[in-house]
Amino acid sequence: MRTKIVAGNWKMNNNRDETETLLAELSAKLPDTDAQVIVAPTFVNLEVSTRALESSTIEVAAQNMHFAENGAYTGEISADMLLNIGVDTVILGHSERRAYFGETDELLAKKVKTAVDKHMKVIFCFGEELEERKSGNHFSVVENQLKNGLFHLDAQAWKHIVLAYEPVWAIGTGETASPEQAQEMHAFIRNTIAKKYNDSVADAVSILYGGSVKPNNASDIFSKPDVDGGLIGGASLKADDFVAIIKAI
Ligand code: PEP
């Protein structure tokens, strides 16, 4: 049985007060669930979040980190800094990091290695752009992102990896991949991992779908056999919507 996960990527939203308010509301409304629930507030609100969630099952993730141990990297945050405040999960490779901050597969491979070496859990995001889907290249784009970003890991390391397939054309656009499109790509991803490693690695890895998941489409998407949950952007900023999505899993 794979772990079901619903993770909320808050991006650059919510000041400290808003963070505390949203977490209190979420904690109060959290339904009984077998799914792992994760929220990813901005860096400056991570510590206040881990404190607020001390007695909750909701986990806290960072939205990014640097690959280096420490040093002259102005503005950056290391794995140890995250671990030191109780954050052992990190989102890497989000399409906004790739598009606006120039993060390449090669850079992400280094970040992934550092996170895994530090025994952190990585939510690794990847997915094709609209033009790539329209031209029929989406499978090869996704395969390359997987190979370049993750296939330097040995099979053992995959217990630290959660995948988030996020077609860029569906992120924040209100346009969602159909449940069939999501299933087709998730099955392809699992098959690609099985070919490189083996069935047990491929069967164990949770693959989340991300891209305009909302309360009204979550259960259809989550009903697909290779979809193990969701990475949620906009809808994770409203407690009621996020809770409805958690209930859908
Ligand atoms: C995301 O940014 O990871 C995401 C899926 O955003 P949204 O749900 O808003 O499309």
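Structure data summary
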| item | result |
| --- | --- |
| Gaussian network model of the chain, springs between alpha carbon atoms under 10 Å - residue of VAL44, VAL116, VAL205 with greatest fluctuation | VAL44 |
| Entries of LYS113/LYS147; LYS29/LYS214; LYS4/LYS113; LYS110/LYS147; LYS110/LYS224; LYS113/LYS159 with Cα pairs more than 21 Å apart | LYS4/LYS113; LYS110/LYS224 |
| Burial order of peptide ranges 225-236, 138-149 (average beta-carbon count within 10 Å, highest first) | 225-236, 138-149 |
| Ordering of 85-93, 23-31 by burial proxy (mean other Cβ atoms within 10 Å per residue, highest first) | 85-93, 23-31 |
| Segment 1-121: C-alpha gyration tensor shape, a/c 1.5 cut-off, then a/b vs b/c | prolate |
| Relative contact order computed over the chain (Cα-Cα under 8 Å; 6+ residues apart), in percent | 22 |
| Karplus-derived HN-Hα couplings along segment 119-133 (A = 6.51, B = -1.76, C = 1.60, θ = phi - 60°), whole Hz, x at Gly and Pro | 6, 8, 8, 10, 9, 9, 9, 6, x, 8, 8, 4, 4, 5, 6 |
| Expected 222 nm ellipticity per residue - DSSP helices of 4 or more, -39500 (n - 2.57), all of the chain, to 500 | -11500 deg cm²/dmol |
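The numbers here are math on the coordinates, done by the rules we state, and not lab data. Predicted model only: the values in this text are computed from it and were never measured. FYI the Cβ positions are ideal-geometry reconstructions off the backbone, even for glycines, and counts take in every protein chain you see.
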